[in-house]
Amino acid sequence: MIASAAIKGTNQGALSSGALRQIAPFDPVSSSPTPPPPVGGPDRKYYQVTTIFIHPGNFGISQVNKVVIVDLDVTNHKEVCDWCISHKVRLVIVGPEDPLAAGIADSLRQAGLYCFGPGRDAARIESDKEWAKSFMDRHKIPTARWGAFTVAKHAKEFIHSSSFPALVVKASGLAAGKGVVVADTIDEACQAVDAILVEHKFGGAGDTVVVEELLQGEEVSVLAFTDGTSARVMLPSQDHKRHLEGDRGANTGGMGAYCPCPLIDSDTLRIVEENVLQRAVNGMREEKLPFIGVLYAGLMLTKEGPKVLEFNCRFGDPETQVILPLLESDLYQVMLACCDGTLGDLELRWKTEVYAVGVVMASQGYPEFSSKGNIITGLEKASSLPTIQVFHSGTAKNLQGSVVTNGGRVLIAVSVATELATAAARATLACTLIQFTGAQFRRDIAHKGIARSILQGGRLTYKASGVDIMAGDSLVHNIKPMVALSTRSGVLGGIGGFGGLFDLQAAGYKDPLLVSGTDGVGTKLKIAQSCGLHSTIGVDLVAMCVNDILAHGAEPLFFLDYFACGHLDVETASQVVAGVAEGCRQAGCALIGGETAEMPGLYSGDDYDLAGFAVGAVEREHLLPRTKDILPGDSVIGLPSSGVHSNGYSLVRKILDSAGAKYEDKAPFSTSGKNFGEELLTPTRIYVKSVLPALRSGRVKAFAHITGGGLTENVPRVLPPRCRVLLDASKWEIPSVYGWLAATGGVREDELLRTFNCGVGAVLIVSSSHQEEVAQLVEGRIIGTVLEHSAGVWWSEMFALFNPPDSHVEVINFQSSMERVMKPYVASVVQSRAPVRKRVGVLISGSGTNLQSLIEATTDLGRGTGAEIVLVISNKPGVQGLARAQKAGIPTMVIRHTNYSSRVDFDLALHEALETVGVELVCLAGFMRVLTGEFVRRWRGRLLNIHPALLPLFKGTHAHRQALQAGVRITGCTAHFVEEDVDAGAILAQEAVPIELDDTEETLQERVKLAEHRVFPKALTLVATGKVWLNDSGKLVWAQKTQ
């Protein structure tokens, strides 16, 4: 594709990146060397694109505003140059590699035109693979080991004799992206050599063959804009070259891509920028081949670091289609900066916290051949999906006016969303709606990156499920002074350890130290009660207590339990206590008593609660932890957990609810066909009998029970301030339940590590000289080492006072280890994101508490609201509601009513903003403006409001004051459709709130707000899921006969 832009001087600004961005997907856009100033040369900030001339074009791009398809002979450079000058073209963008390799950019620049695309000699970095490999070697750019040959015999000898797997065979010249064979065997590689050099499969492009080392790792694409001096890196992406799902089949030009690719971290991306792209630009300049345009690096992320697989002298396809939708900077201005050498002065801006996924649809027979003329249907339906853009590649219009296939890769459906899984689901869904004979596409595009994207940016937290770890830490800090007031002789240490210590000698007794511990089993009880499975929960209770006192080297001696309920069910209580007795048997301690408390009115139904108390003893000389003995170089031994144990179950239950899973459903992570309830009630492992002999041997310096707070908050409890630990997640087995939880719940890495044990139920710290002996004795694995804290020894104690525990724990290889256990569940996660939800816009003016309730409801897929918030608009800047939306990754706008001369103009601005992003429903959440009748009529039946009273009572403002003055004993809130008359629309949902005798407007308002937070999401769900709608007469119509 050749794209050229006609520009004129104006003060209306430059072409928006969105308009020119439409060009890229139809054929890759590219770049070129140092240009002369443009003809006419006004300051570019005053340029405005008036026309985009395209050659050769296709049906899709012909529909884009300002586009004119032209017929040119691009092999005749003089004709192209004369045409551009006569049509006052100032910028030419060359897409494909062939005209660049033929030197069209050189001709254009010599004619005084700006050209975005490299000259012929610089384009050799793609057009001549032998030259490109030599260039990389000359400039120390990391790449695979290689050899180049013109004789098949020599190439095959190289394949057979190489000390590395020489299995990648490439035609050195341009072969339309199909001249690469990645062989599985030596024989297959030799056959590829014969096909290229002997059979001349690729004609002159195969006169030389390059044979390369087969690199192992993940492939990523990193592109950079360059002006010949500076290289400005774009967001990394990942292409899917293989034809079939699971990366099987023949190589293609690309079956899909996604961006940004989370498989490359920021440090590695910086290495690529400095050691690959900038080094290549510098090398080109040193060799008098200034490269201007886009330099594309196809990379393999190997264990030794990133290595170049290939360079392209242009935008990649399909990478471009997923990179450019995320560019916020004006693409036209960026291209001009590349052409006039000022790229270093330009700031590249990218959208944040969003992903783009593109799925390519190919024609029948691709990649071996393509079929043309097949009628394409469903384009409008697919394009109407939220955030979907369908870019055309191989399409045309037949004589009957139908859109038909006209090439191998026909089109690509691109979706942008805040979650990679959601973007992948929508792009794939769009492809299912587009139909033509022989259509083929992959359904696993972006799946490789979904696990890592969740681990890096998942939004579900333990706090969101109702448990605030930081609040618990604050409580411990706050009660320490009060506990100190109750101390007496014999008490050792303070709260915050794994057990309480009491010195019998100091209190007048002799011999050992007693160690006590108390704990419960948290909301794991809720699962036991829901499933009616009570026999193992008692084991958990004992485990949580005895594992804690084991951390002090104590042998558990006796145990007491506390069972509280509203109504005593003897059978249930018997099962629970039987589990306690079994736990005591496993721990080697005696169940000497307990308390059963029946308290009607305090517990409802069959609910009950448990608490346990363990007391053990340890000889003073064996007391743990021996923090003073812990030194850098010591080893960390991990003991495997049996699963989730008894912590983090509020988050577990939240994930189950979000997934719509029931406890009786078969657990996808179960290896024995158990259901969710049975798997999640697997009892906590008791470590006493396996660990106690090692503790008594004197070779263990510390034992940490991985309980609430996970790995990052429990290991530091036994460390001296001067030390930290480095754990290697590849050294232990992570149970598959964590893969399901992380993938399904979208839980990021740090949240997993500070909530769950992640497969390590306890750790021991020992001298490295004893590591093998102790690991064998306790049946554990060596998973890490103790290091000196980076804060330094001399002020480490001060550092510890002001830094969180997780600063003492670093876990490496966790993402890659989690990806393996998440992979089986990625497809189901993508499928769960596929249903199309109603696009909602929310109007606010203030703190946005009702907005927050809508955000929480719509982001929790388990609640089935059928809606997603795509835009929040405030008429006031700086309000808290905007911050709430931004934190949730929702786009925001400020449209100030004070900037408009009339209410009608302001409402029109609101309407246009909502329409632009495809909003289907509008919610008023504390929007303190009266909307005009024109706006209400346009959105009738799609406009919802929440009112702080039980309509039709107390309409308008000051509803709480009206209720108090009226002396009524009950008020509430109402969610309703909005009509032109104030608070007169059909009622969707209501909730009553009693008025207390001492209520003020303020206290009543706070209680009603809580009801609003329940009612508004309920009403939105009713409308978004189609259960109710408004008819022409203003009455509700219900999808079912009964409400």
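Could you work out how far helix 77-86 tilts from the main Cα principal axis of the chain, as a 0 to 90 degree angle to the nearest 10?
80 degrees
May I ask which residue of Val169, Ile93, Leu997 lies farthest towards the positive end of the charge dipole of the chain, with charges of +1 (Lys, Arg) and -1 (Asp, Glu) on Cβ and the Cα centre as origin?
Towards the positive end, the residue furthest out is Ile93.
Once the principal axes of the Cα atoms of the range 618-773 are found, what is the range along each, listed largest first in whole angstroms?
52, 30, 25
Let me see the pair-distance distribution of the range 963-1043: every alpha carbon pair, 10 Å bin width, integer percents in order.
Histogramming the range 963-1043 at 10 Å steps yields 16, 40, 29, 13, 1 percent.
So if I take the centroid of the Cα atoms in the range 838-878 and the same for the range 154-218, what is the distance between those two points in Å?
Cα centroid to Cα centroid, the span is 55 Å.
Rounded to two decimal places and with Rh computed the Kirkwood way over Cα pairs, what is Rg over Rh for the range 133-191?
Ratio of gyration radius to Kirkwood radius for the range 133-191: 0.96.
Which residues' amide hydrogens lie under 5 Å from the amide hydrogen of Asp239, considering only partners 5 or more residues apart or on another chain, with H built in the peptide plane?
Ser221
Are there trypsin sites (Lys or Arg not before Pro) in the range 625-712 that DSSP puts in a loop and that have at most 15 other Cβ atoms within 10 Å, and which ones?
Here the trypsin sites (Lys or Arg not before Pro) that fit, given the DSSP loop and packing criteria, are Lys662, Lys674.
Which values of log₁₀ I(q)/I(0), to two decimal places, follow from the Debye formula for the range 52-120 at q = 0.16, 0.17 Å⁻¹ with a uniform point scatterer at every Cα?
Values, matching the q order: -0.52, -0.58.
With a Cα-only, solvent-free Debye model of the range 838-1030, what are the log10 I(q)/I(0) values at q = 0.10, 0.12 Å⁻¹?
Treating every Cα as an identical point scatterer, log10 I(q)/I(0) equals -0.39, -0.56.
Given the options Tyr687, Gly660, Ala729, identify the residue whose Cα lies farthest towards the positive end of the charge dipole of the range 640-755 (+1 on Cβ of Lys, Arg; -1 on Cβ of Asp, Glu).
With unit charges placed on the Cβ atoms, the residue in question is Tyr687.
With a cut-off of 8 Å between alpha carbons and a minimum separation of six or more residues, what is the relative contact order of the range 982-1043 in percent?
That works out to 32 percent.
For the range 689-731, what mean projected area does the convex hull of the alpha carbons give, in nm²?
4.1 nm²
Mind pulling the angle between the C-alpha long axis of helix 736-745 and the longest principal axis of the chain? Nearest 10 degrees, somewhere in 0 to 90.
That works out to roughly 70 degrees.
Over the chain, calculate the relative contact order: mean separation of alpha carbon pairs under 8 Å at least 6 apart, over the residue count, as a percent.
7 percent
Rg to Rh for the chain: what is it, with Cα atoms only and Rh by Kirkwood?
Checking Rg against Rh, the ratio lands at 1.02.
Give me the accessible area per residue for the range 950-1020, probe 1.4 Å, as a whole number in Å².
Per-residue accessible area for the range 950-1020 comes out at 51 Å².
Ordering Thr785, Thr671 by how much accessible area each has at a 1.4 Å probe, largest first, what is the list?
Thr671, Thr785
At a 1.4 Å probe radius, carbon and sulfur cover how many percent of the accessible area of the chain?
In the chain, the share of accessible area belonging to carbon and sulfur is 51 percent.
In deg cm²/dmol, rounded to 500, what helix-only [θ] at 222 nm does the chain give when every DSSP H run of at least 4 residues adds -39500 (n - 2.57) and the total is split over its residues?
Computed ellipticity for the chain at 222 nm equals -9000 deg cm²/dmol.
If we count GluC sites (Glu not before Pro) as exposed when they sit in a DSSP loop and have at most 16 other beta carbons within 10 Å, what is the longest stretch of the chain that avoids them all?
369-618
Loop only by DSSP, 10 or fewer other Cβ within 10 Å of the Cβ. Give me the chymotrypsin sites (Phe, Trp or Tyr not before Pro) in the range 557-635 that pass, ordered by residue number.
Sparse-neighbourhood loop chymotrypsin sites (Phe, Trp or Tyr not before Pro): none present.
Could you give the size of the charge dipole of the range 52-120 about its Cα centre, using +1 on the Cβ of each K and R and -1 on the Cβ of each D and E, expressed in debye and rounded to the nearest 20?
Rounded to the nearest 20 debye, it is 320 debye.
Scattering from the C-alpha atoms of the range 353-459 alone, worked out with Debye: what is log10 I(q)/I(0) at q = 0.12, 0.21 1/Å?
Values returned for q = 0.12, 0.21 Å⁻¹ are -0.42, -1.00.
What is the angle, in °, between the Cα long axis of helix 469-485 and the longest principal axis of the Cα atoms in the chain? Nearest 10 is fine, range 0 to 90.
Approximately 30 degrees, to the nearest 10.
Over all directions, what mean area does the Cα convex hull of the range 107-206 project, stated in square nanometres?
7.8 nm²
Collect residues whose amide H, placed 1.01 Å from N in the peptide plane, falls under 5 Å from the amide H of Tyr603; neighbours closer than 5 in sequence don't count.
Those lying under 5 Å, H to H, from Tyr603 are Gly566.
At 1.4 Å probe radius, can you tell me the per residue accessible area of the range 52-120 in Å²?
40 Å²
The values are calculated or read from the model by the stated rules, or taken from the named source; none is laboratory data. These numbers come from a predicted model, not from an experiment. Using ideal geometry, Cβ is built from the backbone for each residue, glycine included, and neighbour counts are taken over all protein chains shown. In case anyone asks, the SASA skips ligands and DNA or RNA and just uses the protein heavy atoms, side chains included. Shrake-Rupley method; radii C 1.70, N 1.55, O 1.52, S 1.80 Å.
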